[in-house]
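The values are calculated or read from the model by the stated rules, or taken from the named source; none is laboratory data. Predicted, not measured: the structure shown is a model, and the values here were computed from it. Every residue, glycine among them, receives a Cβ derived from its backbone with ideal geometry; neighbour counts consider all protein chains shown. These accessible areas exclude ligands, DNA and RNA; they are computed on the full protein's heavy atoms, side chains included. Shrake-Rupley method; radii C 1.70, N 1.55, O 1.52, S 1.80 Å.
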Amino acid sequence: MALRKTTLQQTIQAIQEKFNSTFLDENISYQQMPAFQLNFFITQAIQKHKLIKLCFTDHNENKFSATGFINQNKSNKDAYIITDIYGGITHLIMFTQIKNVKAARIPK
């Protein structure tokens, strides 16, 4: 019985830690990266097909984040398409809307 309780406690603790880290990560306000740095990281993410997390703003300056793979729009070189890891949700983002880029990990 003690072994089950310990395993249950460990499971609960692991879930709680994952929730806390996700909650904290989503509420962090990222500073605006310089344009040359954004260009460099976005170019690397496209060339190496890396999973990234973008912090961006809409036209009303509301902050959002998106995690996925980035590709440049073929008709407008200043626009980017973000597709999630499952090929689903897609965002169309202009370069001027992007505030921050960072590497992301595939969730287990």
Scanning the range 40-52 for residues that are of a type outside the set (S, T, Y), free of Cβ contacts under 8 Å to residues at least 24 places away in the same chain and not in a loop (DSSP other than H, G, I, E, B), the one nearest to I98 (Cα to Cα) turns out to be F40
Inspect all residues belonging to the range 3-17 and state whether any of them is modelled with pLDDT of 90 or more and either open to solvent by 70 Å² or more (accessible area, probe 1.4 Å) or in contact with a Phe, Trp or Tyr (Cβ under 6 Å, 6 or more places away or on another chain) (or both). no
Of N71, N39, the only residue that is in contact with a helix residue (DSSP H, G or I) (Cβ under 7 Å, 6 or more places away or on another chain) and modelled with pLDDT of 85 or more is N71
Per the filter on the range 56-70, residues within 14 Å of the chain's Cα centre (by Cα) and farther than 14 Å from M94 by Cβ are K63, S65, T67, G68, F69
